[in-house]
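Throughout, read-outs are computed from the coordinates displayed, never taken from laboratory work. The model shown is predicted, which means the values in this text are computed figures rather than measured ones. Quick reminder, even Gly has a Cβ in these numbers, built from the backbone with ideal geometry, and neighbours come from all protein chains shown.
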Amino acid sequence: MIIDHHTHTKYSPDADMSVTFQTYVEQAKLLGFQGILCTDHVDFDSPEPLFQKMIDYKTYFKEALAVKEKTGFDIRVGVELGYQPQSVSKMKKLVHDYPFDFVIMSMHIIDGLDPYEGSFFKGRTQKESYQKYFEAVLESVQTYKDYDVYGHLDYIVRYGKFDSHSYDYEDYKDIIDLILLAIIKNGKGIELNTSGLDQLPNQTFPKLEVLKRYKELGGKIITLGSDAHKTKDLGRHFNKAFQLLKQSGFDEIAIFKQRKPEFVKITI
């Protein structure tokens, strides 16, 4: 049973406007997947105008249900919440108000700055930038607990105009371990996000060493997500992801419905 747990439709402002529940259903059938799970962006208090328009979730759920009834395909609705400390009450209310199957928490904005457009890195070395990012992630997992998995845990390496787009786990081991331990203690999980295999740094998020460490520390809940923003990217590099999971000691992945995980054996 394979369901991509990190996908974006036209409701995410940075996704291709042709991507719908229907197009993902068609692609999922071609791939032999048993369902789809859409996790569009909600980034409260974003400094980026593009992300300031709120999704009308009443319409969203109605559309998902209509396509589900039309196709007979398993369609699940999730959300990717971008954490900022001043947004916690809004995040809690959204998750309380709607019957999401799955909630990803991610770090997109740090101290009001966006790594994507580069302002976050100004005046910081690579080491300082990554350390600051991981400190913000640690704060988020200590502060907000109404989520299911943490998204693209080390994706900060995707951005920044540095000579290298990677990092040595040992340089950040102490803080990464604190993050992983907090996630595990709170009964949450992480995702294996495959989007980085299509761009710099040509690695999954998180990288293999962090996956292994998560397992060593007792981590059990892990989902697979392509972070697709185009229909064709659904399930991208999942065969590679399964290999990395096996290398890390995992023999099961989590499939979420109504915020509860079902554990499925990895057979590839």
Hits among lysines - C-alpha to C-alpha of Lys232 under 16 Å, sequence gap 8 or more where chains match = Lys10, Lys29
inquiry  = Testing the spin-label approximation: label points 7 Å from Cα along Cα→Cβ at Arg259 and Lys232. State their distance in nm.
reply    = 3.8 nm
note = Here the alpha-carbon Rg of the chain over 2.2 N^0.38 Å rounds to 0.95
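Pairs of Cα atoms under 8 Å, at least six residues apart: use those to get the relative contact order of segment 31-100, whole percent.
Details: 65 pairs, mean separation 30.9, N = 70.
The normalised contact order for segment 31-100 reaches 44 percent.
What is the Cα radius of gyration of segment 2-141 over 2.2 N^0.38 Å, N being its residue count? Present the calculation step by step, with values, prior to reporting the outcome.
Details: Rg = 16.7 Å, N = 140, 2.2 N^0.38 = 14.4 Å.
Here the Cα radius of gyration is 1.16 times the empirical estimate.
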key: Dipole-positive endmost among Pro201, Ala182, Leu138 within the chain (Cβ charges, Cα centre)   = Ala182
message = Based on C-alpha coordinates, I'd like the Rg and Dmax of segment 192-259, in Å.
response = 12.1, 35
query = What is the list of residues in segment 129-150 whose amide nitrogen lies under 14 Å from a point 7 angstrom out from the Cα of Asp111, following Cα to Cβ?
reply = 129-137
query = What is the gain in length, in nm to one decimal, between His96 and Asp198 on full extension, counting 0.36 nm per residue of separation less the C-alpha to C-alpha distance?
reply = 33.2 nm
task = Could you pull out every one of the lysines with an alpha carbon less than 24 Å from that of Lys220, ignoring same-chain neighbours closer than 8 positions?
result = Lys145, Lys173, Lys185, Lys188, Lys207, Lys212, Lys240, Lys246, Lys257, Lys260, Lys265
ask   = Between Ile268 and Arg124, what length in nm is gained on full extension when 0.36 nm per residue of separation is reduced by their alpha carbon distance?
value = 47.6 nm
